[in-house]
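Working notes for the structure below.
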Amino acid sequence: MAIGEAALPDELLVSPQTTGDLIGRAIRVYRRNMFLWAPLLILPTVVVLTGRVIYQVSAPLIKTDTWTAILGICLAVAVVLTGKWWLLIKLLSFVRLTTGFASSLQQASVDIRSRKWQIAGIFGIWLLVLTAVSSVWILELIAATVLLKVIVLPALLAVFLGVLGFFMTTAFLIFALFLSFVTLACEKDGISAYLSRGFSMATKSFLRTLVCGIAIGITVNALAMPLWIPVSLAGALDAIRTGNTLSSATTIPIHWLVMLSVWETLIEMITQPIYCLAFGFYYYDLRLRFEGIDLTEALANLKLKQPPLLDLS
């Protein structure tokens, strides 16, 4: 698939942009290419959907057939993670192409597929870090809760700071993970270098990374809200028809759960590329701010075009 087949930005970023500009750029690029790229996401999306349906069928069995339910849930998690992994490989190919590090989507796809195990390694290490950091905050909250019986005001302050710290740290780790994935898409190195680079770039602009990540999440969810209207109306009409409303039902009917899983997965297929593209442009923006990547690439191109020196010896 040649570069001419994709509607790319008119030019790469040549100066730092605001968060809104970066998100708007991601939306425009994806909107131009949605019908070209969406078919490439169908198969991994079907895998994710299969895992979610397995979970919805297995979870209700936990009281009657515990071991079958546990096996089904474990299988569901494995299938969903596999689908998400495959989906991320596709999305990072889009990022590599739109940030100018590949001349075609085919080339970008080949580059990212060669790093698929590094993607899994990054996620595994990040999950260990997230678990360790979350454990520290949870222990702090437990200690603050115990102190409530002794010193109320300092303990309340500690609880507040613990909750705030937990959410800020978790959000930062998630956004730094996305920057690490984007670094993998745009550079060629090892797992530790990708993680180090992603976290160092996020740390250099800590508050801006938090603001940008939250803004991207809010924007993507806002774009997804109208897409929930059809399934919401279908659910309401079905409840009226059967007389089984959510307020009167003791459990949500299985067909509603499956329908919600299907629709949620389809919406994610539509909106997730915007999330990844926005982080890709944010990564490039950070390199413009801290490394002057535009000058580096201009010098590299100039060196390539420079004729060889004559050998006068």
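Here, each number is a calculation from the coordinates, and none is a lab measurement. Nothing here was measured: the structure is a model prediction, and the numbers come from that model. No Cβ is skipped: glycine too gets one built from the backbone with ideal geometry, and neighbour counts run over all protein chains shown.
Laid out as a table, the results:
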item: Odd one out for Leu157, checked against (1) touching a helix residue (DSSP H, G or I) at 6+ places or on another chain (Cβ under 6 Å); (2) of a type in the set (A, V, I, L, M, F, W, C); (3) assigned to a helix (DSSP H, G or I); result: (1)
item: Answer from Ala102, Ala108, Ala26, Ala38 - the residue that is of a type in the set (A, V, I, L, M), in a loop (DSSP other than H, G, I, E, B) and either in contact (Cβ under 8 Å) with a residue 40 or more places away in the chain or buried (at least 21 other Cβ atoms within 10 Å of the Cβ) (or both); result: Ala102
item: Candidate set from the range 56-82 (those that are of a type outside the set (A, V, I, L, M, F, W, C) and either touching a residue at least 60 places away in the same chain (Cβ under 8 Å) or assigned to a loop (DSSP other than H, G, I, E, B) (or both)); member that is surrounded by the most Cβ atoms within 10 Å (Cβ to Cβ); result: Gln56
item: Residues located in the range 182-193, provided they are in contact with a Phe, Trp or Tyr (Cβ under 8 Å, 6 or more places away or on another chain) and part of a helix (DSSP H, G or I); result: Val182, Thr183, Leu184, Ala185, Cys186
item: Where a residue in the range 123-151 is more than 15 Å from Leu177 (Cα to Cα) and its partner, wherever it lies, is of a type in the set (Val, Ile, Thr), with Cβ under 6 Å and at least six apart; result: Ala144/Val159
item: Residue that is surrounded by the most Cβ atoms within 10 Å (Cβ to Cβ), among those in the range 194-233 that are in a helix (DSSP H, G or I) and hydroxyl-bearing (Ser, Thr, Tyr); result: Tyr194
item: The listed residue being touching a residue at least 40 places away in the same chain (Cβ under 8 Å), under 25 Å from Lys90 (Cβ atoms) and of a type in the set (A, V, I, L, M, F, W, C), out of Leu173, Leu210; result: Leu173
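Results for (1) among the hydroxyl-bearing types (Ser, Thr, Tyr); (2) touching an Asp or Glu at 6+ places or on another chain (Cβ under 9 Å); (3) under 15 Å from Phe181 (Cβ atoms), shown as yes or no for each residue.
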{"site": "Ile70", "(1), (2), (3)": "no, no, no"}
{"site": "Trp85", "(1), (2), (3)": "no, no, yes"}
{"site": "Ser104", "(1), (2), (3)": "yes, yes, no"}
{"site": "Trp117", "(1), (2), (3)": "no, no, yes"}
